[in-house]
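J.: Below you will find the structure I want to go over with you.
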Amino acid sequence: MANPQPENGFVKLANEIWNEIIRRDFSKRQKDIILFIWRLSYGCQKKFAVIPKLKDFELCGIGAQNITNELKYLASTKVIFWEKSESVFIVNKDYEQWQISPVRGWDEEKFKELIHLNLEKKTSQNKKLSPEKKLVNIIITSQNKKLKLLKTRSRYFLKQEVRLPSNPCRCKVKRVSKDSIKYIIKKRTTTSTTTSSKNAHDFSYSKIFQTYSDNFAVDSKVNQFDVDEINTLFDDYGGEWLLLAMREAYRHNIRTLAYIHGILKGYKSRGGPETEKQPEGNGNTTEMSTQKPTVKAKHNQAIDMLDQIEREEREREQSGSYSTL
């Protein structure tokens, strides 16, 4: 006979985040993924879960042909953070950022009535066990057997849901601790030789999605078509090229994915967004931007070269005529 006890381990989550899991229109696969990550993170007394292989999600019933798409969707809707390089998964505790619609039959007031009803039932059961106006002291022993809390109940006190300060789901993303940030987003140094090793950039998918949401999407709302296009561009060109192309499109004030795709095609045809050098003055070279020279600039360069050749020929002719004299 099974006899599960909290002393053998448990997953500590706030009631408000359970309410959101019930309220949001998640599919069965998506809920299984969230529960799987919670068991391997909070169930192991950690804030993140390390899952080395995507095939490991088959343990919670997700097929290999569906797991990648489901993880990308949960990451794009800001339900989870997925750091691919470290195989780290974290459920976003700030449910206000989740871009998942409520279920069709959700009724906030009805749900609160059910909670209040069950809380009253529990209070009435406690009255049967103790005389009226008698205070009952309940000692709650923590899992590590070190901390104890004295809790007083009375019929004169209103029953409320308990929110422990140590609950990991009470904090927002802006108050995430340093050890969580280290596993959520890692900065990578650029491989270009012209870039100093002190400058670090984040080219992860979460950074790309956040940049697009903040600077390109209307009212910071990203639809499913944009998500699919961003995923394709990220897989085809990588995070570094995609972020550079988005910056270039932002500077030109043409904030469409089609324009960003065109810039990336240009990078690919040139072999990358490298700097070009152009002669200036007495042959000195100056570093140019990543954009190609215009037709007018090329024409001016050709004229300058012809003028220089003509000057050299006249100087040789003059030096030859003086030597004959």
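The values are calculated or read from the model by the stated rules, or taken from the named source; none is laboratory data. Computed from a predicted model, the values in this text were never measured in an experiment. Counting neighbours? That spans all protein chains shown, and the Cβs are built from the backbone with ideal geometry, glycine included. Quick note on the areas: whole protein, heavy atoms, side chains included, nothing else; ligands and nucleic acids left out. Shrake-Rupley method; radii C 1.70, N 1.55, O 1.52, S 1.80 Å.
J.: Just grab the label-to-label distance for Leu114 and Lys28, each label 7 Å out from Cα along the Cβ direction, in nm (one decimal).
T.: Between Leu114 and Lys28, the label points sit 2.0 nm apart.
J.: Can you tell me how much longer the chain between Asp202 and Asp219 gets when fully stretched, taken as 0.36 nm per residue apart minus their C-alpha distance, in nm with one decimal?
T.: 3.7 nm is the gain from fully extending Asp202 to Asp219.
J.: Also, I was wondering about something else. Accessible area of the range 1-134 with a 1.4 Å probe: how many percent of it is carbon plus sulfur?
T.: 51 percent
J.: Sticking with this one: For the range 96-111, what does the Karplus curve 6.51 cos²θ - 1.76 cosθ + 1.60, with θ = phi - 60°, yield as ³J(HN,Hα) per residue in whole Hz, taken in order and with x for Gly and Pro?
T.: Listing the rounded values in order: 5, 8, 5, 9, 10, 6, x, 5, 5, x, 6, 9, 4, 5, 5, 5 Hz.
J.: Compute the Cα gyration tensor for the range 1-89, then decide on rounded, prolate or oblate, letting a ≥ b ≥ c be the square roots of its eigenvalues: rounded whenever a/c is under 1.5, prolate when a/b is larger than b/c in the other cases, and oblate in all that remain.
T.: prolate
J.: Using the beta-carbon distance between Gln5 and Gln45 and R0 = 22 Å, what value does 1/(1 + (r/R0)^6) give for FRET efficiency, to the nearest 0.05?
T.: 0.85
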